[in-house]
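J.: Take a look at the following structure, please.
The values are calculated or read from the model by the stated rules, or taken from the named source; none is laboratory data. Quick caveat: nothing in here was measured; it's all calculated off a predicted structure. Neighbour counts are summed over all protein chains in view; Cβ atoms, including those assigned to glycine, are modelled from backbone coordinates with ideal geometry. We work out accessible area using only protein heavy atoms, side chains counted, and drop any ligands, DNA or RNA first. Shrake-Rupley method; radii C 1.70, N 1.55, O 1.52, S 1.80 Å.
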Amino acid sequence: MRHALTVVLALTACAVPAGATSLLAVGEWIVDTPPQLLELLGVRPDPLCPKRSTRGVNTTPVSKES
């Protein structure tokens, strides 16, 4: 088993009030969750995958007004 049942249930319990309505949405919520929160919830990092960046990325488009 990759993650403990309590961790999976905790992640789901956080994702559902945030608007996740399916397993796919829960998975997407988990992917978008900051690494610090995942660590607090007890998620172990995958040793085969590179660490996730802890810095935020600005994805807001910038409009140029002339």
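J.: Scanning region 29-66 for residues that are charged (D, E, K, R), closer than 22 Å to Val7 by Cβ and open to solvent by 100 Å² or more (accessible area, probe 1.4 Å), which turns out modelled with the highest pLDDT?
T.: It comes out as Asp32.
J.: Return the total of residues in region 9-19 being within 12 Å of the chain's Cα centre (by Cα) and free of Cβ contacts under 8 Å to residues at least 24 places away in the same chain.
T.: 3
J.: So, one more: Restricting attention to region 1-28, report how many residues are open to solvent by less than 50 Å² (accessible area, probe 1.4 Å), outside any loop (DSSP other than H, G, I, E, B) and aliphatic (A, V, I, L, M).
T.: Counting residues in region 1-28 that are open to solvent by less than 50 Å² (accessible area, probe 1.4 Å), outside any loop (DSSP other than H, G, I, E, B) and aliphatic (A, V, I, L, M) gives 6.
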